[in-house]
Amino acid sequence: MHHFAYKNGALHAEDVALSAIADEVGTPFYCYSTATLERHYRVFSEAFKQGTGGNQALVCFSVKSNSNLAVVSTLARMGAGADVVSQGEIRIARAAGIPANRIVFSGVGKKRDEMAYALDAGILMFNVESEPELEALNEVALAKNMRAPISLRVNPDVDANTHVKITTGKAENKFGIAWERAHAVYARAADLPGIEIVGVDVHIGSQITSLDPFRAAFAKVAELVRELKDQGHDVRNVDLGGGLGIPYMQGNEPPPHPDEYGRIACDAFADLDVRLLFEPGRIIAGNAGVLVTEVTYVKNGEAKDFLILDAGMNDLIRPTLYDAWHDMLPLKEAGADAPRLKADIVGPVCESGDTFAKDRELTALAQGDRLAILSAGAYGAVQASTYNARPLVAEVMVNGDQWSVVRERQTYDALLADNRMPDWLDT
Ligand code: LLP
């Protein structure tokens, strides 16, 4: 469910026509819907209302999916915590108003300065992903006369059945601590004076569209929590990661509803006195954003036709990187008998991979027509680059009938501003 729909023949974000925004800010731009973000956050958090052992669940928005300050602030106001993977993301979460004691720090390669920063901020817990990281964190904490609250991210060796580039819970993935090592590493953690064990963490992948992998992983983790508690470890928090998928293609069977996901999570840990944590990204932000772009040219080629857009793979890399499907809607609603086209929808970047869709059937569009690429709110703007010296695009947020630019389009001056000439060229 999202709030991008046609009204009076024009595609709107809530009560604002996307073409009105395009007239003012130009294209391409990302547009986020406040009502959609709020709705997704509410539906997701209500799925865990029953909690476990009398403990309320904590929903930590995965900032990597969309780190726009206005997006994170919108969720912060609803009580969201944050799942972060870098010092930069801690800073964004804090700037958005998320209290440090609602921040969990994940990631396989945390550096010591990032650990020190997070300790000073007073975050809720570090999700430790390896034995050397545990030793490093112990040293950083001791140097500050502190104890770092940790959970170990365990790797349950479960197949999430998702795209190979976004599966994380298999033994061959770089993530987490091998299942067989979990007990030994918890024992080691308990011996380290700079470490305080507060939980267990797992995350098996992203865009997961069946509950089975979650069920399998949760059952294994529940068993582990039981054993760790029996051994005297103070496992208070169980972080079950993110990963629940969203519908990218209209008409396809939708992924499981958060309510079903919430039920299996709460059931799996019902008899353990723990607080559940979740790290959703895509399910909150994915369908709350679109990328609005304009047709620069329609090129009728020898073998096929091309719609050349002013957005490129540098603005939205998901189709290139994951062969991802994104639905597309023209900003002007087409009548039922409007002519259709079949074309490759491509960007201007000088790579064949700069293709949003192959042989896509759409309402026929002409040069200057605009369209929205849907489901671009998660892993869209955050994965953008300036490849081909293309400035980062503007980001806009809509709230009812109001809208505001929440990130300026990068200027050409800014694109060059951080370059420096070495002495030998500076003549
Ligand atoms: N927690 C951890 C430790 C993660 O690594 C991730 C995502 C999440 C939570 C949030 O997962 P979500 O609820 O959004 O599925 N760029 C890719 C997705 C990469 C996911 C990375 N980790 C894409 O565009 O599909």
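Counting only protein heavy atoms and a 1.4 Å probe, the chain has 44 square angstrom of accessible area per residue. The C-alpha atoms of the chain define a longest principal axis, and helix 212-230 lies at about 20 degrees to it. Taking Lys and Arg as +1 and Asp and Glu as -1, the other residues whose beta-carbon sits under 13 Å from that of Val396 total -3. What is the helix-to-structure angle for 131-143, meaning the angle in degrees between its Cα long axis and the longest Cα principal axis of the chain, kept from 0 to 90 and rounded to the nearest 10? Approximately 70 degrees, to the nearest ten. In this simple spin-label approximation, Ala100 and Ala20 carry label points 7 Å from Cα along the Cα→Cβ vector, and these lie 4.3 nm apart.
Taking amide H positions as placed in the peptide plane 1.01 Å from N, state which residues far from Arg236 in sequence (5 or more) or on other chains have amide H under 5 Å from it. Those qualifying (amide H under 5 Å, at least 5 residues apart or on another chain) are Gly199.
Rounded to the nearest 10 degrees, the angle from helix 112-121 to the longest Cα principal axis of the chain is 80 degrees. Taking label positions 7 Å along the Cα-Cβ direction at both Lys7 and Asn388, the computed distance is 3.4 nm, reported to one decimal. Take the Cα of Ala143, go 7 Å toward its beta carbon, and the backbone nitrogen atoms of the stretch 96-113 under 15 Å from that spot belong to 110-113. With helices as the sole contributors, the chain gives -8000 deg cm²/dmol at 222 nm; each DSSP H run of n ≥ 4 counts as -39500 (n - 2.57), and the sum is divided by every residue. In this structure, Asn173 and Gln56 have a Cβ-Cβ separation that, at R0 = 25 Å, corresponds to a calculated FRET efficiency of about 0.20. When the chain is described by a simple charge dipole with +1 on each Lys and Arg Cβ and -1 on each Asp and Glu Cβ, the residue from Phe44, Leu331, Ala378 located farthest towards its positive end is Phe44.
A Förster radius of 56 Å, combined with the Cβ-Cβ distance separating Ala336 from Ala270, puts the computed FRET efficiency at roughly 0.65. Excluding Val85 itself, calculate the net charge of residues whose Cβ lies under 14 Å from the Cβ of Val85, where each Lys or Arg counts +1 and each Asp or Glu counts -1. Overall, the nearby charge balance is -2.
Placing unit charges on the Cβ atoms only, positive for Lys and Arg and negative for Asp and Glu, gives the stretch 35-282 a dipole magnitude near 720 debye about its Cα centre. Protection proxy ranking of 137-146, 306-315, 39-48, 328-337, by the mean of other Cβ atoms within 10 Å over each peptide's residues and highest first, is 306-315, 39-48, 137-146, 328-337.
The gain in end-to-end length when the Glu408 to Val108 segment is fully stretched comes to 104.8 nm, 0.36 nm per residue minus the alpha carbon separation.
Suppose R0 equals 41 Å. What FRET efficiency, 1/(1 + (r/R0)^6) with r the Cβ-Cβ distance, do Met421 and His163 give to the nearest 0.05? In this case the efficiency is close to 0.45. Selection among Leu192, Ala148, Ile92 by position relative to the dipole of the stretch 87-218 gives Ile92 as farthest towards the positive end (Cβ unit charges, Cα centre). Taking Lys and Arg as +1 and Asp and Glu as -1, the other residues whose beta-carbon sits under 15 Å from that of Thr296 total -4.
In this rough spin-label picture, where each label sits 7 Å from Cα along the Cβ direction, the Trp325-Ala303 distance is 2.3 nm.
What you get for the stretch 1-150, charging only the Cβ of Lys and Arg (+1) and of Asp and Glu (-1), is a dipole of about 340 debye around the Cα centre.
The distance linking the stretch 92-116 with the stretch 1-33 is 33 Å (Cα centroid to Cα centroid, whole angstrom).
The values are calculated or read from the model by the stated rules, or taken from the named source; none is laboratory data. A quick note: this is a predicted structure, and the numbers were derived from the prediction, not measured. Cβ: placed from backbone, ideal geometry, glycine included. Neighbour counts: every protein chain shown. What goes into the accessible areas is simple: the full protein's heavy atoms, side chains included, and nothing from ligands, DNA or RNA. Shrake-Rupley method; radii C 1.70, N 1.55, O 1.52, S 1.80 Å.
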